[in-house]
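**Student:** Take a look at this one; I'll ask things after.
The values are calculated or read from the model by the stated rules, or taken from the named source; none is laboratory data. Here the structure is a predicted model, which means the values were calculated and not measured. When we count neighbours, we look across all protein chains shown, and the Cβ atoms used for this are built from the backbone with ideal geometry, even at glycine. Calculation scope for accessible area: heavy atoms of the full protein, side chains included, ligands and nucleic acids excluded. Shrake-Rupley method; radii C 1.70, N 1.55, O 1.52, S 1.80 Å.
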Amino acid sequence: MFFIAWGKTRSCLAVGLFALFLEGGQYNFAICSRSCAQTIGGSGESETDNAGLPLTPISQGDGTFEIVNLNGQTIWQGARQKDGSSSRYMYFRLPDLSNPIIGNAFVEVEYVDIGTGSMTLQYNASLGLGAYHSAEIDHENTLSGRGLLRTAVFQLNQPDFRQAQNNAADLRLVAPEGKVPLHVVSAHLFRQPTIRFKKLDAKDWMSPYVGQTRNDIDAKSLHHKVLCGYQGWFRCPGDPAEGGWVHWSRARDRIASDTLTFEMWPDMKDLTAEEKYPATGFAYPDGSPAELFSSVHQRTIGRHFEWMEKYGLDGALVQRFVPESTGADSVRVLGYAAKEAQRTGRVFAVEYDMSGVPTESLFDRITTDWKWLVDEMGITKNPRYLHHNGKPILGVWGFYSDRFDGDLANKLIDFFKADGPYQVTLVGGCPWSWRMEKNPEWARAFRRFDIISPWNVGNVKKVDGNLYAQDATWVEDIQEAGRHGMGFMPVVYPGFSWDNLQRKPAGSTNIPRLGGDFYWRQFEAASALEISFVKVAMFDEVDEGTAIFKVSNTPPPQAHFLTYEGLPPDWYLRTTGLGSKLIRGDRVNRVEVFRE
């Protein structure tokens with residue numbers, strides 16, 4: 001027997017000893033630890049409630065492992081087989097228990113995040129479910145190849161630990177098939193939900209914000225506000241949502257030059273290591289590995305709201321996609337945005353996107369969700385939720401006559417305008433040609449919003465050989481809206497391109513930004529017409545090349561990407577902040593916009 005001292009301190013673990021010994025031709029590896037709240041008794045069980053029981057790995061058969069040192073960290077690594085593959089399984093046996101496990105059990109596995117795919121746990125189940133039943137609940141078990149130390153948690157429903165797996169084991173970890181081996185630091189079993197499990201399973205984005213709330217921006221009126229559409233729809237393998245490459249790639253399980261769906265590579269310099277997800281196969285021009293962010297990471301959402309605060313942006317219309325609005329998991333981005341708005345003093349409101357919803361279920365889906373947001377999540381009670389004329393702002397985008405009929409459009413408007421707890425100040429997103437609509441029911445619907453916000457992205461005119469956003473129609477839009485008691489909220493945007501998304505030749509769909517002149521002229525036009533509120537499309541929309549947040553000027557050369565053409569990564573954040581001053585009625589020298 002020999003002992004290896006483990007000097008790394010994490011959580012409340014102070015000192016640990018790794019014991020490696022040979023028994024019956026197989027390696028056993030045990031952890032003995034003394035923490036600030038735990039004492040391991042002689043029977044192998046803790047004398048305190050819910051202290052972790054160390055699980056002993058068994059190296060034999062189809063579950064052999066090696067003990068290696070990785071960057072100073074001692075780990076159990078799946079062993080290489082003769083055919084070059086790695087052992088897919090890692091078996092564990094419980095210590096002798098003085099008291100049997102009754103009810104559910106919980107397992108925490110500390111591991112190094114190497115490889116991709118999902119690590120699963122299979123256990124001896126009761127109720128006739130067999131010896132290799134998968135854990136019913138798991139969190140943080142998707143590998144992302146970031147090399148970070150992480151902890152996966154699992155819930156086991158009524159296990160029947162009886163050493164019924166191979167090698168008389170009680171449970172096993174399963175590596176992603178065909179992937180790199182597992183790299184496990186420790187594994188512990190608990191009789192009750194752990195603090196970590198409770199936090200992950202309780203969906204902390206639903207919990208009340210507990211920090212200091214700032215009130216920098218008035219949340220009682222839309223007047224003199226510039227709000228940025230916030231998509232929040234980007235996902236990466238290994239992020240908390242565990243959905244793969246969503247909105248970065250058309251293939252969830254891989255990202256490559258032929259799968260890309262985005263046009264601009266975000267500037268990642270400000271992000272911390274835990275926010276960065278490696279985009280395998282992509283590297284920056286200097287050869288360093290390229291990374292992307294996930295919109296479900298609270299720290300990244302917080303960073304985006306910090307940028308809004310720093311550059312003088314009022315807040316966000318947080319996009320809520322009706323096809324995905326099912327259950328508490330779907331409000332992760334909204335919940336974190338609500339907290340970050342409180343922390344940074346910004347305002348926010350929900351904006352539904354009705355794209356992709358079957359007509360027959362649209363009304364029920366959107367109204368049921370709004371009721372849930374109001375009743376269960378209490379979203380409109382958040383002190384940073386934007387109100388106007390005494391009612392919460394709600395954007396609903398997608399009122400297009402080629403998507404559903406005018407009767408349904410009016411039925412939706414009726415719901416949101418009806419007296420009661422779900423009544424809102426309705427901002428309706430519709431085509432820029434709304435005044436020319438011939439269908440009587442649709443023409444009526446377009447004149448019943450509280451505020452109309454025609455989508456103007458792609459609507460351009462040519463001036464001196466360059467394309468500029470079409471704003472000449474705004475005068476008549478304002479007049480027609482006024483005749484029907486509506487406000488007018490134009491959509492301004494910095495440029496456009498979706499070559500990768502639509503698989504078009506490079507540059508074929510581009511509406512150039514002209515160094516910011518394309519964008520700035522829209523703010524000037526809105527200010528000249530004394531327009532009181534503006535929507536920016538979009539804060540983070542790199543799929544269609546309309547993003548205003550920080551974008552890299554040195555993206556990976558492995559595919560086609562647009563840049564800010566040498567302008568600073570924060571150029572459009574700065575421009576948006578100055579445009580917001582114009583909408584507030586402040587004087588802004590045009591030279592100031594383009595000053596370094």
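**Student:** Answer yes if at least one residue in the stretch 118-141 is surrounded by 19 or more Cβ atoms within 10 Å (Cβ to Cβ) and among the β-branched types (Val, Ile, Thr), and no otherwise.
**Tutor:** no
Residue-wise test of (1) without any contact (Cβ under 8 Å) to a residue 12 or more places away in the chain; (2) in a loop (DSSP other than H, G, I, E, B); (3) aliphatic (A, V, I, L, M).
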{"site": "Tyr422", "(1), (2), (3)": "no, yes, no"}
{"site": "Ala472", "(1), (2), (3)": "yes, yes, yes"}
{"site": "Ile478", "(1), (2), (3)": "no, no, yes"}
{"site": "Ala481", "(1), (2), (3)": "no, no, yes"}
{"site": "Pro494", "(1), (2), (3)": "no, yes, no"}
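**Student:** Give Val180, Val185 a once-over and let me know the one that is hydrophobic (A, V, I, L, M, F, W, C), under 26 Å from Trp76 (Cα atoms) and either without any contact (Cβ under 8 Å) to a residue 12 or more places away in the chain or touching a strand residue (DSSP E or B) at 6+ places or on another chain (Cβ under 6 Å) (or both). Before you say what the answer is, go through the steps one by one.
**Tutor:** Numbers: Val180 fails: either without any contact (Cβ under 8 Å) to a residue 12 or more places away in the chain or touching a strand residue (DSSP E or B) at 6+ places or on another chain (Cβ under 6 Å) (or both).
Just one listed residue meets the conditions, Val185.
**Student:** From the list Glu66, Glu108, exactly one residue is charged (D, E, K, R), surrounded by fewer than 18 Cβ atoms within 10 Å (Cβ to Cβ) and in a strand (DSSP E or B). Which is it? Spell out how you get there, then give the answer.
**Tutor:** Details: Glu108 fails: surrounded by fewer than 18 Cβ atoms within 10 Å (Cβ to Cβ).
Answer to the check: Glu66.
**Student:** Right, something else. Would you say Ala526 is more than 31 Å from the chain's Cα centre (by Cα), open to solvent by less than 10 Å² (accessible area, probe 1.4 Å), under 28 Å from Asp450 (Cβ atoms) and touching a residue at least 12 places away in the same chain (Cβ under 8 Å)? Explain how you work it out, then say what you get.
**Tutor:** Numbers: more than 31 Å from the chain's Cα centre (by Cα): yes; open to solvent by less than 10 Å² (accessible area, probe 1.4 Å): yes; under 28 Å from Asp450 (Cβ atoms): yes; touching a residue at least 12 places away in the same chain (Cβ under 8 Å): yes.
Answer is yes for this residue.
**Student:** Still on this model: When you look at Ile67, is it out of contact with any Phe, Trp or Tyr (no Cβ under 9 Å at 6 or more places or on another chain) and hydrophobic (A, V, I, L, M, F, W, C), yes or no? Give the steps one after another, and end with the answer.
**Tutor:** Details: out of contact with any Phe, Trp or Tyr (no Cβ under 9 Å at 6 or more places or on another chain): no; hydrophobic (A, V, I, L, M, F, W, C): yes.
Criteria not met by Ile67.
**Student:** Please count how many residues of the stretch 214-243 are in a loop (DSSP other than H, G, I, E, B) and open to solvent by less than 50 Å² (accessible area, probe 1.4 Å).
**Tutor:** Quick first cut of the stretch 214-243, residues in a loop (DSSP other than H, G, I, E, B) only: 214-224, 231-243.
With the extra rule that they be open to solvent by less than 50 Å² (accessible area, probe 1.4 Å), the set shrinks to 217, 219, 221-222, 231-241, 243.
Final tally of qualifying residues: 16.
**Student:** Hey, can you tell me all the residues within the stretch 318-331 that are in contact with a strand residue (DSSP E or B) (Cβ under 7 Å, 6 or more places away or on another chain), touching a residue at least 60 places away in the same chain (Cβ under 8 Å) and open to solvent by 10 Å² or more (accessible area, probe 1.4 Å)?
**Tutor:** Pass one, the stretch 318-331, residues in contact with a strand residue (DSSP E or B) (Cβ under 7 Å, 6 or more places away or on another chain): 318-322.
In the following step, the residues that additionally are touching a residue at least 60 places away in the same chain (Cβ under 8 Å) were identified as 318-319, 321.
Within the stretch 318-331, Gln319, Phe321 meet the criteria.
Conditions tested, residue by residue: (1) under 17 Å from Thr425 (Cβ atoms); (2) open to solvent by less than 40 Å² (accessible area, probe 1.4 Å); (3) over 21 Å from the mean Cα position of the chain (by Cα); (4) of a type in the set (S, T, N, Q).
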| position | (1), (2), (3), (4) |
| --- | --- |
| Val333 | no, yes, no, no |
| Glu340 | no, yes, no, no |
| Thr344 | no, yes, no, yes |
| Met354 | no, yes, no, no |
| Pro358 | no, no, yes, no |
| Tyr385 | yes, yes, no, no |
| His388 | yes, yes, yes, no |
| Gly395 | yes, yes, no, no |
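**Student:** Say whether the condition of being modelled with pLDDT of 95 or more, more than 31 Å from the chain's Cα centre (by Cα) and assigned to a loop (DSSP other than H, G, I, E, B) is met by at least one residue in the stretch 424-434.
**Tutor:** The first filter runs over the stretch 424-434 and keeps only residues modelled with pLDDT of 95 or more, leaving 424-434.
In the following step, the residues that additionally are more than 31 Å from the chain's Cα centre (by Cα) were identified as 433-434.
Adding the requirement that they be assigned to a loop (DSSP other than H, G, I, E, B) leaves 433.
Yes, the stretch 424-434 has at least one match.
**Student:** Does Tyr277 qualify as being among the aromatic types (Phe, Trp, Tyr) and either closer than 30 Å to Asp586 by Cβ or crowded, with 22+ Cβ neighbours inside 10 Å (or both)?
**Tutor:** On the way: among the aromatic types (Phe, Trp, Tyr): yes; either closer than 30 Å to Asp586 by Cβ or crowded, with 22+ Cβ neighbours inside 10 Å (or both): yes.
In short, yes.
**Student:** Next question, about the same structure. Return yes when Glu376 is assigned to a helix (DSSP H, G or I), at pLDDT 95 or above and surrounded by fewer than 23 Cβ atoms within 10 Å (Cβ to Cβ) and no when it is not. Spell out the reasoning first.
**Tutor:** On the way: assigned to a helix (DSSP H, G or I): yes; at pLDDT 95 or above: no; surrounded by fewer than 23 Cβ atoms within 10 Å (Cβ to Cβ): yes.
Criteria not met by Glu376.
**Student:** Wholly within the stretch 503-596, which helices (runs of 4 or more DSSP H) include no fewer than the required count, namely at least 2 residues that are closer than 28 Å to Phe348 by Cβ and of a type in the set (Val, Ile, Thr)?
**Tutor:** Values: elements: 517-528, 571-583, 590-593.
Result: 571-583.
**Student:** Run down Val296, Val333 and say which single residue is outside any helix (DSSP H, G or I) and among the β-branched types (Val, Ile, Thr). Show your work before the answer.
**Tutor:** Numbers: Val333 fails: outside any helix (DSSP H, G or I).
Being outside any helix (DSSP H, G or I) and among the β-branched types (Val, Ile, Thr) holds for just one of Val296, Val333, which is Val296.
**Student:** Here's something else I'd like to know. Being touching a Lys or Arg at 6+ places or on another chain (Cβ under 6 Å) and either open to solvent by 10 Å² or more (accessible area, probe 1.4 Å) or more than 24 Å from Met206 (Cα to Cα) (or both), is that true of even one residue in the stretch 289-299?
**Tutor:** Step one: of the stretch 289-299, the residues touching a Lys or Arg at 6+ places or on another chain (Cβ under 6 Å) are 291, 294, 296.
Now drop any that are not either open to solvent by 10 Å² or more (accessible area, probe 1.4 Å) or more than 24 Å from Met206 (Cα to Cα) (or both), which leaves 291.
Taking every residue of the stretch 289-299 in turn, at least one turns out to be touching a Lys or Arg at 6+ places or on another chain (Cβ under 6 Å) and either open to solvent by 10 Å² or more (accessible area, probe 1.4 Å) or more than 24 Å from Met206 (Cα to Cα) (or both).
Matching residues to (1) out of contact with any Leu (no Cβ under 7 Å at 6 or more places or on another chain); (2) on the phi < 0 side of the Ramachandran plot; (3) modelled with pLDDT under 95:
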| site | (1), (2), (3) |
| --- | --- |
| Asp239 | yes, yes, yes |
| Pro289 | yes, yes, no |
| Tyr311 | no, yes, no |
| Ala316 | no, yes, no |
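**Student:** Hey, does the stretch 196-213 have a residue that's surrounded by 18 or more Cβ atoms within 10 Å (Cβ to Cβ), assigned to a loop (DSSP other than H, G, I, E, B) and charged (D, E, K, R)? Before you say what the answer is, go through the steps one by one.
**Tutor:** Going through the stretch 196-213, the residues surrounded by 18 or more Cβ atoms within 10 Å (Cβ to Cβ) turn out to be 197, 200, 205.
Going one step further and asking which of them are assigned to a loop (DSSP other than H, G, I, E, B), we end up with none.
There is no residue in the stretch 196-213 that is surrounded by 18 or more Cβ atoms within 10 Å (Cβ to Cβ), assigned to a loop (DSSP other than H, G, I, E, B) and charged (D, E, K, R).
**Student:** Restricting attention to the stretch 166-188, which residues are in a strand (DSSP E or B) and more than 30 Å from the chain's Cα centre (by Cα)? Lay out the reasoning, then the answer.
**Tutor:** Taking the stretch 166-188 first, the residues in a strand (DSSP E or B) are 169, 171-174, 183-188.
Of everything in the stretch 166-188, those that are in a strand (DSSP E or B) and more than 30 Å from the chain's Cα centre (by Cα) turn out to be Ala169, Leu171, Arg172.
**Student:** Also: Output the number of residues of the stretch 248-260 satisfying the condition of being part of a loop (DSSP other than H, G, I, E, B) and either crowded, with 20+ Cβ neighbours inside 10 Å or in contact with a Cys (Cβ under 7 Å, 6 or more places away or on another chain) (or both). First the steps, then the outcome.
**Tutor:** Taking the stretch 248-260 first, the residues part of a loop (DSSP other than H, G, I, E, B) are 248, 250-259.
From what's left, either crowded, with 20+ Cβ neighbours inside 10 Å or in contact with a Cys (Cβ under 7 Å, 6 or more places away or on another chain) (or both): 248, 255.
The total comes to 2.
**Student:** Then there's this: Determine whether the stretch 310-317 contains at least one residue that is under 23 Å from Lys203 (Cα atoms), surrounded by 19 or more Cβ atoms within 10 Å (Cβ to Cβ) and out of contact with any strand residue (DSSP E or B) (no Cβ under 7 Å at 6 or more places or on another chain).
**Tutor:** If we filter the stretch 310-317 for residues that are under 23 Å from Lys203 (Cα atoms), which is where we start, we get 316-317.
Applying the additional criterion that residues be surrounded by 19 or more Cβ atoms within 10 Å (Cβ to Cβ) yields 316-317.
When the remaining residues are screened for being out of contact with any strand residue (DSSP E or B) (no Cβ under 7 Å at 6 or more places or on another chain), the result is none.
Scanning the stretch 310-317, I find no residue that is under 23 Å from Lys203 (Cα atoms), surrounded by 19 or more Cβ atoms within 10 Å (Cβ to Cβ) and out of contact with any strand residue (DSSP E or B) (no Cβ under 7 Å at 6 or more places or on another chain), so the answer is no.
**Student:** So which pairs qualify, if the first residue must be in the stretch 286-297 and farther than 16 Å from Glu340 by Cα, the second must be of a type in the set (S, T, N, Q), the Cβ gap must be under 6 Å, and the two must be at least 6 apart or on different chains?
**Tutor:** That search, which allows pairs on different chains as well, returns Phe293/Thr300.
**Student:** Right, another one. Could you identify the single residue in Lys438, Lys461 that is open to solvent by 50 Å² or more (accessible area, probe 1.4 Å), of a type in the set (D, E, K, R), closer than 24 Å to Tyr493 by Cα and modelled with pLDDT of 95 or more? First the steps, then the outcome.
**Tutor:** Numbers: Lys438 fails: closer than 24 Å to Tyr493 by Cα.
It is Lys461.
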